[in-house]
Amino acid sequence: HTHIFPPFVRGDREPFLRDEPAFRLLYDSTKAKLVGATELIDQMDRSGIDRTVVFGFPWTDHDLMRRHNDYVGEAANRFPDRLLPFVCVNPKVVQAPEEVERCLSAGMRGAGELAFYTEVLDSSVEEILEPIASSCRNYRVPLMIHTNERVGHWYPGKAEASLKVIYELIRAFPDNRFILCHWGGGIFVYELLKREAREVLSQVAYDTAASPFLYDPAIYAVAVKIVGAKRILFGSDYPLILPDRYFEEMAAAGLTEEDQSWIKGRSASKWLNLDPD
């Protein structure tokens, strides 16, 4: 997955840093790049990327959330063969379900990345996400959730969401397809459990976003062995990291060409219903 921002945010981020705590957490530093659709397409061309999932940011301001989703939708209309737009909302904003419905009815390909960067998740998230999950089921599109590991070093965007909460969330919506970002915070390891977990998590795909910053390249081989390449989706988190670095790590991990081809695109084609079969 990738992130793009409209010109009015890229041109002056200061007002949004003041009013949006999650945005401030991630983009307070000028080293945190903000890019637009054209810059994304240019990088895709340089890296040999055919298509990419793209979305905005989970703003707390409803008007800002709507304007950003409109920008993402317009970008996808400009580059229909390259960009796969997801509707991005803050699930705790009262208008979030309405916004998800609006964007999915207009043809967006999924909902996400739904993230809770500045609060601790608990079981109430199931009730909050129910109407959004319902829309995703109705349109037969995936729901993408920000997840991360709970141990190790801290970094901006490392959320306080336990794997148990994520697991129970997935179990609460057995008819939804999920994409868990950033390797699902490592939850895929629990698919080795003999009872229940493999079945509950069977509707989950895991993306690789930010992997070079977080994990040894060996994670690719470990994850393929546990869940199979067909449930691993290449995500770059661009502009955080360039795609080429991921491809180098996949090769260094000793993955077969077949497994690499699934991770680099074939898995996403199936998960996003792009496969003509």
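Data for the structure
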item: Flag if ASN273 is in a loop (DSSP other than H, G, I, E, B), without any contact (Cβ under 8 Å) to a residue 60 or more places away in the chain and under 18 Å from the mean Cα position of the chain (by Cα); result: no
item: Subset of the stretch 185-228 [farther than 22 Å from HIS146 by Cβ, surrounded by fewer than 21 Cβ atoms within 10 Å (Cβ to Cβ), touching a residue at least 12 places away in the same chain (Cβ under 8 Å) and in contact with an Asp or Glu (Cβ under 8 Å, 6 or more places away or on another chain)]; result: PRO217
item: Evaluation of VAL72 against (1) out of contact with any His (no Cβ under 9 Å at 6 or more places or on another chain); (2) surrounded by fewer than 20 Cβ atoms within 10 Å (Cβ to Cβ) (one fails), failing number; result: (2)
item: Some residue of the stretch 215-231 being more than 25 Å from LEU114 (Cβ to Cβ), in a loop (DSSP other than H, G, I, E, B) and in contact with a Phe, Trp or Tyr (Cβ under 7 Å, 6 or more places away or on another chain); result: no
item: Selected residue (only one of GLU130, GLU119 is closer than 25 Å to GLY185 by Cβ, modelled with pLDDT under 95, surrounded by fewer than 17 Cβ atoms within 10 Å (Cβ to Cβ) and charged (D, E, K, R)); result: GLU119
item: Counted residues, the stretch 161-186 - those being farther than 13 Å from ILE232 by Cβ, of a type outside the set (Ser, Thr, Tyr) and part of a helix (DSSP H, G or I); result: 11
item: Test: residue in the stretch 55-74 that is farther than 26 Å from SER267 by Cα and of a type in the set (Lys, Arg); result: yes
item: Filter result for ALA111 (surrounded by fewer than 17 Cβ atoms within 10 Å (Cβ to Cβ) and in contact (Cβ under 8 Å) with a residue 24 or more places away in the chain); result: no
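The values are calculated or read from the model by the stated rules, or taken from the named source; none is laboratory data. Here the structure is a predicted model, which is why all the values come from computation and not from measurement. In this analysis, Cβ positions are derived from the backbone assuming ideal geometry, glycine residues included, and neighbour counts consider all displayed protein chains.
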